[in-house]
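What follows is one structure encoded as structure tokens, with my remarks underneath.
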Amino acid sequence: MGNDLEIEIRAGSTPGTWEVEVDSPAGTASGTMQLDAPGILGRRRELAASVLASAVTSRSTFSTLERPVRDVGHALFESLFTGRVYGRYTASLQQAGSRGEPLRVVLRLRDPELAGIPWETLFDAESGEYLCQREPVVRYVEAAQPSAPLSATGPLRILGMIAAPSDLPTLDTAEERRRLDDALGDLVDQGLVEMVWVDAGNWGALQSKLTAGPWHVLHVIAHGGVSDRGGVLALENEATGAAAQVSAQRFARLLHACRPVPRLVVLNACSSGESAADDLLSSTAAALVHSGISAAVAMQFAVTDPAALAFSRGFYQALSQSIAVDEAVRLGRIAIDGTSEQTLEWVTPVIYLRTDDTRLFDLTSTGPPVSRPAPEEISDEAAKYGLYVQALAASRKERYDEAVALLDSLITLDPGYRDATELRNRMRQEQKLGVSYDRARAAEAAGDIEAARRGYRSVIDVDPAHRDAQDRHDEAERLLTIASLKDELKVHADEEDWDAVLAVSAELDRLDPDQADPDGLASRARELTVQGPPSEPNEPAEPADPVPLTRTVDPPPAPPAPPAPPDDIPTPTPDPPQPGPPVPGRPWKRVAAIGAPVVLVLAALGWYLMRPDGGGTGTKEDRAQDQTTGQVVCWDGSKKEGSANCPLPTGAEGMPNVFPSMNDCQHVHPNLADKKELWSCTYDTYEIRYSRWGEDADRYAYFDGHLNDPDTSDWSLEGTPAGRQWSDVDTRPDEPNKYRWVATYENWPYDVTVKGVDETARDEGMAQVSATPPDQIGVQH
């Protein structure tokens, strides 16, 4: 082809180098490519995560997600196009541009190490564009007998097959089939495409359908992978339904059972994201082409439903019009690019060829000749179509006023045009909902939460899924509940009903720990309920000491004499009580009155416990436990007998007592009923989450059930057993931070989760986490 930039790459004389030969419209050239191929191959998982995440993330994070894709593409471009090779590339671009034609970039990879490199990411920094978005980029597989275009009678006949073995991750076969049927619906209605499905996913069913051809395209949805002998597909065992591995070579021989052989095979990875990111169906595609199939298209990364649907529609529409298959792939990429402003999924399709002529089909119509419409009819139809497409574009960007105006004009020209009337009615409803939603947002911004709640309520009564109205409504209700509870708490405080204050505070803590102690009233209530009410003047209060004392009118009886100590132990002589500051809740006057007897009792008890034989009747373990029950200062400043009696640390002040590394984290409203508090710290490649659960929550069962085949082990802090830890890989396609680590205390309702884009990022996040040993939780540090 006159506009082919053919690039042949062979292994060089030293590791990390390759010899490059270029044959182009501007002449030939040679050069040497230096490339860190193992490093780029090691980033495939990172690239796959970025590409998949780009389909669901917001525009603000797009630059972060695109960075690895652009970095790899720029490194590939700079390594490949150097010296005279780059000169031939730029000159060929100019020549093709002067003729108004694309420049097809043909890669002939002679080294297997380069097969897994994502060449579709090639990025030209000077033009600021990815090559595959502007020019067709194909991978050429050598064949002894290149094929010519297949002359056939239209429509384009596509045979579809879904293989879902029972012992492999489940494929949503109904959804896969529906998606492809939807993508081709308009083409089928126009008579340009005929779509037929194989009844089952086994070898026999496919062979039976192939011989009932002819078929132009075989579209396969299946699990795939790479074995030591090359690419494989997992079909279904006809008897058991389990996986039956079929090599690419055997699969090609099966396709040759039908005459003529399908010219094109399209391999589509399952959209559920269950298959591993390194299941390179593109390797299977290359093997099929090498075995005799003219062309194969595959997905080098997992692909979302909208992207797969858009690619299939754009790709097959081009093929049905006898457009070259490499150009059809480029048009499919453009269709993916139209699904979202930030998507990177256009990099996912890969095309392999064994023929120089990329026009695989020469289709002719079988219907009677159709009279050509008059020029004015063509103009009118084009005008209506233009209005319809502009209305769809405006609605996608939520510009409903513009969409309604365009559809009104279209219906004036043709009241029955497609679904214009139904679409206009839907846009009008969205228009009204948008007004109500915007008013609610304005009220929320002005602090009128009740008006905002009513506005969001009016929206979700009509459309519960409208934007984020449901979440904003729920948040408004939460804020209103918090406000009313705070007012109620102050009423109880004015009435000095401290038990009621604590009950309301507990409810506030469930909704928002930061609001649980308005004006310090809850702390005051805890202090008073622990200490008891203040005593009347000159009246001794009830003792709160752990040592039982009997209050009488007469002086208390002398304490029993302690046992005689051994000769080598001096008899302890208690010091007289020293004056000191009053203890809160325990009037100093009363302490002075009973201080001497208490000191004598405690002195005798202390000597008894310090005897050489250990003293007392308890075990050594009991005495060790008793030593931890001394009075401590809790995280909130209160004093308790032992750390186990301290209140659970909560909120921005308390949670760092459990996790000292919890700095500058954002409070997030938990989405689980048993999880009371959630704090998130987000970094470039990982995220750390700190959680507090309800005390009765079965966290072990939750993580055992919700993590994906995790590795589990005991978790220790400073040599002290703390709880359990898990690590796994998240399989959700919309989760960019796949690699996860979770650790949770056994006896305290706290856990920490670290999620990273890869293992290195996760380990970096784990290194940032610091946690408090169990016996120190609740105590000031």
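The values are calculated or read from the model by the stated rules, or taken from the named source; none is laboratory data. None of the values given here were measured: they were computed from a predicted structure. Here the Cβ is made from the backbone with ideal geometry for all residues, glycine too, and neighbour counts use every protein chain on show. Surface accessibility is based on the protein's heavy atoms, side chains included, excluding ligands, DNA and RNA. Shrake-Rupley method; radii C 1.70, N 1.55, O 1.52, S 1.80 Å.
A few remarks follow.
- SER691 being surrounded by 17 or more Cβ atoms within 10 Å (Cβ to Cβ), in a strand (DSSP E or B) and under 26 Å from the mean Cα position of the chain (by Cα): yes
- ASP664 part of a loop (DSSP other than H, G, I, E, B), farther than 20 Å from ALA771 by Cβ and in contact (Cβ under 8 Å) with a residue 12 or more places away in the chain: no
- Region 628-640, subset at pLDDT 85 or above and not β-branched (Val, Ile, Thr), residue least open to solvent (accessible area, probe 1.4 Å): CYS634
- Test: residue in region 177-186 that is among the aliphatic types (A, V, I, L, M) and free of Cβ contacts under 8 Å to residues at least 60 places away in the same chain: no
- Evaluating ALA243 against the criteria (1) in contact with a helix residue (DSSP H, G or I) (Cβ under 7 Å, 6 or more places away or on another chain); (2) at pLDDT 80 or above leaves one unmet condition, (1).
- From the list GLY367, GLY273, the lone residue that is open to solvent by 10 Å² or more (accessible area, probe 1.4 Å), closer than 23 Å to PRO169 by Cβ, in a loop (DSSP other than H, G, I, E, B) and modelled with pLDDT under 75 is GLY273.
- Flag if LEU331 is modelled with pLDDT of 85 or more, open to solvent by less than 60 Å² (accessible area, probe 1.4 Å), closer than 28 Å to GLY292 by Cβ and among the aliphatic types (A, V, I, L, M): yes
- Candidates ARG478, ARG510 - the one that is in contact (Cβ under 8 Å) with a residue 24 or more places away in the chain, open to solvent by 50 Å² or more (accessible area, probe 1.4 Å) and within 28 Å of the chain's Cα centre (by Cα): ARG510
- If only residues of region 451-467 that are among the charged types (D, E, K, R) and closer than 26 Å to GLU507 by Cα are counted, the one that is surrounded by the most Cβ atoms within 10 Å (Cβ to Cβ) is ARG453.
- Yes/no for HIS473 being surrounded by 17 or more Cβ atoms within 10 Å (Cβ to Cβ), modelled with pLDDT under 90, under 23 Å from ASN671 (Cα atoms) and in contact with a helix residue (DSSP H, G or I) (Cβ under 6 Å, 6 or more places away or on another chain): no
- Whether a residue is among the basic types (Lys, Arg), part of a strand (DSSP E or B) and more than 25 Å from CYS646 (Cα to Cα) was assessed, and LYS755 passes this test.
- Selected residue (criterion: modelled with the lowest pLDDT) from residues of region 302-325 that are over 19 Å from ASP181 (Cα atoms) and open to solvent by 10 Å² or more (accessible area, probe 1.4 Å): ALA302
- Residue in region 694-702 that is in contact with a Leu (Cβ under 8 Å, 6 or more places away or on another chain) and within 30 Å of ALA307 (Cα to Cα) present: no
- Single residue of region 667-677 satisfying the filter (touching a residue at least 40 places away in the same chain (Cβ under 8 Å) and in a strand (DSSP E or B)) that is nearest to ILE688 (Cα to Cα): HIS667
- Boolean, ALA96 is modelled with pLDDT under 85 and within 24 Å of ALA295 (Cα to Cα): no
- Restricting region 758-781 to residues that are of a type in the set (A, V, I, L, M, F, W, C), open to solvent by less than 50 Å² (accessible area, probe 1.4 Å) and in contact with a strand residue (DSSP E or B) (Cβ under 7 Å, 6 or more places away or on another chain), the residue that is farthest from SER680 (Cα to Cα): VAL779
- Here is the figure for region 92-131: residues that are among the hydrophobic types (A, V, I, L, M, F, W, C), under 13 Å from ARG70 (Cα atoms) and crowded, with 17+ Cβ neighbours inside 10 Å total 4.
- Region 170-187: number of residues that are aliphatic (A, V, I, L, M), out of contact with any strand residue (DSSP E or B) (no Cβ under 6 Å at 6 or more places or on another chain) and more than 15 Å from GLY241 (Cα to Cα): 3
- Condition check for LEU218: touching a Phe, Trp or Tyr at 6+ places or on another chain (Cβ under 9 Å), in a strand (DSSP E or B) and open to solvent by less than 30 Å² (accessible area, probe 1.4 Å): no
- When each of VAL491, VAL530, VAL501 is tested for being open to solvent by less than 50 Å² (accessible area, probe 1.4 Å) and assigned to a helix (DSSP H, G or I), the lone residue that passes is VAL501.
- Filter result for the condition that a residue is within 18 Å of GLU746 (Cα to Cα), part of a strand (DSSP E or B), among the aromatic types (Phe, Trp, Tyr) and more than 20 Å from the chain's Cα centre (by Cα), over TRP726, TRP715: TRP715
- Leading residue by the ranking (farthest from GLY434 (Cα to Cα)) among those in region 383-415 that are in a loop (DSSP other than H, G, I, E, B) and open to solvent by 70 Å² or more (accessible area, probe 1.4 Å): PRO415
- Taking region 652-666 as the range and being surrounded by 15 or more Cβ atoms within 10 Å (Cβ to Cβ), within 14 Å of ARG689 (Cα to Cα) and of a type outside the set (A, V, I, L, M) as the test, the residues that pass are PRO656, PHE659, SER661, CYS665.
- Filter pass, GLN725 being in contact (Cβ under 8 Å) with a residue 12 or more places away in the chain, buried (at least 18 other Cβ atoms within 10 Å of the Cβ) and polar (S, T, N, Q): yes
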